[in-house]
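Engineer: Please find one structure pasted underneath; my questions will follow.
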Amino acid sequence: MRRLLIVALLGLCSIPSLAAAQDLALKRVMLSSAGLGYFEYEATVENDATLKLTVPLDQVDDVLKSLVVYDEKGGVGGLSLPGKEPLKQAFKDLPFDENALISTEGLLTALKGARVTVSGSRALSGRIVSLQPEASTSKDGTTLGVRNRVTLMTDSGLQQFVIEDMESLQFDDPAIRAKIAKALAAIEANRATDARTLELTTKGQGKRAVRVAYIVSVPVWKASYRMTLPGDAASPKAALQGWATIENMSGQDWKGVELTLASGRPVAFHQALYEAYYVTRPEIPVEVAGRLIPNVDRGGVAAKAMPPPAPAPAAPASIGRQRDMAAPAFAAAPPVAQSAEQFEATDAATQVTFKFPRPVDVTNGRTLSIPILDRQVPAERLALFQADTAARNPLAAIRLTNDGDTGLPPGILTLYERDKTGNVSYVGDARLSAFPTGETRLLPYALDEKITIERDPAQSQRVANGTIANGALRSSLIVRQNMTYRVKGTLKEPRKLIVVQNRLAGWTLVKPDAKGIEISEGNYRIPFQLVAGNDTQAFEVVQEQTRQQELRLLDGSAEQLGVYARANEFDAKTRDVLTKVLQLQQGVAEAQRALGQVDAERNQIVEEQARIRENIGKVPAGSDLQKRYLATLEKQENDLDTLSKKRADAQKAVDGAREALRSYIAQLG
């Protein structure tokens, strides 16, 4: 016995065909370092046409957001594509679901009541009543399998047939056959669940070229560089070669496409356009959008205006090749292999583009690495000291200048160096940030252990000037931060050292002179010239800050006033006033000391009286000791009277001294 497939069940069912659509051919690809790709397709059409484009499911949102059509002689009719869940939508209005098409018995059960015609050992026609699976056994009782018995309501009453014994089955109702055909077509169209086919209609007259383009997410293309330093350390240039690494993860092969690479930071958003949103009034859908977070040596600005540098040798119009003549003192070595083909570089307002000179082929899932730059660039060797990176040694670095016509994208830089015999060795890696034309970059690539640097920080302060007004001394205090660098190393030739020093906010650099100093990301980059030899050399960096302070003369201590009265930074009149205030203040202090002495004597007598009164109660009345205690108390009472008058005079002296001090300060204005 055999099972019938659904396709056999359909028999004469007709499946509706889709309107003929013309495929678009991929012609141009532009990859952005921001992780976006521009894909441009092209087709030649005549009059009105329908264009077909299949894209991965995860790209549909971006395609719907960015798709643009270029048609000089026509217009866009519209774009259509299956819903995000097309299969679910296709079965929405059908009398059965997708599971019913898994088996014949499932479909017959779902369409119970439908009229069918069966052919085979028995010809039957009637409506489906029920389907009952039953076990099939041999004569000896062995189970052979499951058979499905269908009951039909015929004109002659209920009759049965076994699905496994029939030859064909036809649904008599054309509408049911059409629905089954529609469901099968939807299943076929939805077979590739990770892709969607878009149909774009164009309206126009005559034969013409139509281009369709869109922006989608792609892997970020990466730039990397190789630099070979010449054997002569004084040589002003070095060979720089740049490569681009790209990946084709688009889901399709690139065959003969025009390839362009763009380096920039465009603002880019994503929006879920390929989603069905349902809202209840008065609510509105939430608008979701990303944001640009603009934020690595990125160059610096001069701390002080400097004369323009001498003009560099003219660079080629495009990023071309140049070769420097090798110095006679060094052995000649074979040059770095140059790229066979050069990208055409263009510097736009917000990005740099590199266009490959010929079409390229990249199979889906493959990686391609190709050179985009090959020329000589100005490169100066120096030592760069960054205490946060290495506390005691500078970094070997190069100062790279972009004297070309276009900027360079960021990337890693691998450095090689020739020796005097022409042999090449690897010396380190560096990071190159986005590099506009005309700018310079400091690129450290290794630790220079031949040079040792020690730092000695110190801080001092001094008074700059002072004025007295409204009973207060207003003065300027200059605080100075000193950092002394002591450099020790065995140098065979002079070398430039650049020190990265933290730039204190609100402070002024007073040493060294700001000429030739750059400011980069909150730091000074200060150049010093190291002479040949092994002597220790010292360099000092000084920053100052002026702070305004105020001292109320009535509240100032004698120590503070004494310091200011002796300050040569103040004019003579101010010093005289401070000296007078100090003298009056000392008068107040002396009067207070005298008052304090009177109070001390009085307190001593009061304490002694308390002791005597306690003892009087313990001695016999009328005894000589009692009489002596009483006589002492009488004398002490007389002394207290005298001290009371003396204290009143002392208090007057204190009040008078204070009044004199207040009056003097008040008349100062």
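Engineer: Check which residues have an amide H placed less than 5 Å from Gly471's amide H, if you skip close sequence neighbours.
Structural biologist: Excluding prolines and chain starts, which carry no amide H, the hits are Gly669.
Engineer: Across the range 623-636, in residue order, what do the Karplus-derived ³J(HN,Hα) couplings come to in whole Hz, using 6.51 cos²θ - 1.76 cosθ + 1.60 with θ = phi - 60° and x for Gly and Pro?
Structural biologist: 6, 4, 5, 5, 4, 5, 4, 5, 5, 5, 4, 5, 5, 5
Engineer: Could you state the per residue volume, in Å³, of the convex hull enclosing the Cα atoms of the range 6-216?
Structural biologist: Values: hull volume 35.7 nm³, N = 211.
Dividing the Cα hull volume of the range 6-216 by its residues yields 169 Å³.
Engineer: Using the structure shown, list the pairs from Lys52/Lys355; Lys65/Lys207; Lys27/Lys52; Lys182/Lys203; Lys237/Lys511; Lys112/Lys182 with a Cα-Cα distance above 21 Å, or answer none.
Structural biologist: Details: Lys52/Lys355 28 Å; Lys65/Lys207 28 Å; Lys27/Lys52 15 Å; Lys182/Lys203 29 Å; Lys237/Lys511 32 Å; Lys112/Lys182 19 Å.
Flagged as over cut-off: Lys52/Lys355; Lys65/Lys207; Lys182/Lys203; Lys237/Lys511.
Engineer: Would you please give the residues with an amide H less than 5 Å from that of Ala238, counting only those at least 5 places away or on a separate chain, with H modeled from the backbone geometry?
Structural biologist: Sorted by chain and number, the residues that satisfy this are Val377, Ala379.
Engineer: To continue, here is another question. Taking 0.36 nm per residue of separation and subtracting the Cα-Cα distance, what length does fully extending Leu273 through Lys92 add? Please list the in-between numbers first.
Structural biologist: On the way: separation 181, 0.36 × 181 = 65.16 nm, distance 2.22 nm.
Gain on stretching Leu273 to Lys92: 62.9 nm.
Engineer: Now a separate question. Taking the alpha carbon gyration tensor of the range 451-552, what are the square roots of 5 times its eigenvalues, largest first, to the nearest whole Å?
Structural biologist: 37, 14, 10
Engineer: For Thr142, Thr228, Thr54, which order do you get if you count the other beta carbons within 10 Å of each Cβ and list the fewest first?
Structural biologist: Ranking Thr142, Thr228, Thr54 by Cβ neighbours within 10 Å, fewest first, gives Thr142, Thr54, Thr228.
Engineer: Quick one: order Thr350, Thr202, Thr632, Thr414 by neighbouring beta-carbon count within 10 Å, fewest to most.
Structural biologist: Working: Thr350 9, Thr202 23, Thr632 13, Thr414 16.
Ranking Thr350, Thr202, Thr632, Thr414 by Cβ neighbours within 10 Å, fewest first, gives Thr350, Thr632, Thr414, Thr202.
Engineer: Compute the distribution of all C-alpha to C-alpha distances in the range 560-666, in bins of 5 Å from 0, and list the percent of pairs in each, rounded to whole numbers.
Structural biologist: Using 5 Å bins, I get a P(r) of 2, 11, 14, 12, 11, 9, 8, 7, 6, 5, 5, 4, 3, 1, 1, 0 for the range 560-666.
Engineer: Which net charge results when you count Lys and Arg as +1 and Asp and Glu as -1 among the other residues whose beta-carbon is under 14 Å from that of Arg611?
Structural biologist: Its environment carries a net charge of 0.
Engineer: Mind giving me the nanometre distance, one decimal, between the label points for Asn99 and Arg474, set 7 Å out from Cα along Cα→Cβ?
Structural biologist: Label at Asn99, label at Arg474, 8.8 nm between them.
Engineer: Using the basic label-point model (7 angstrom from Cα toward the beta carbon), what is the Ile519 to Val220 distance in nanometres?
Structural biologist: 3.0
Engineer: So what's the projected area for the range 150-246, the Cα convex hull averaged over all directions, in nm²?
Structural biologist: The directionally averaged projection comes out at 18.5 nm².
Engineer: Oh, and also: List Leu101, Leu473 from most exposed to least, where exposure is judged by having the fewest other Cβ atoms within 10 Å.
Structural biologist: Listing Leu101, Leu473 from fewest to most nearby Cβ atoms yields Leu101, Leu473.
Each reported figure results from applying straightforward, stated rules to the coordinates on display, with no laboratory input. Please read all numbers here as calculations on a predicted model, not as lab measurements. When we count neighbours, we look across all protein chains shown, and the Cβ atoms used for this are built from the backbone with ideal geometry, even at glycine.
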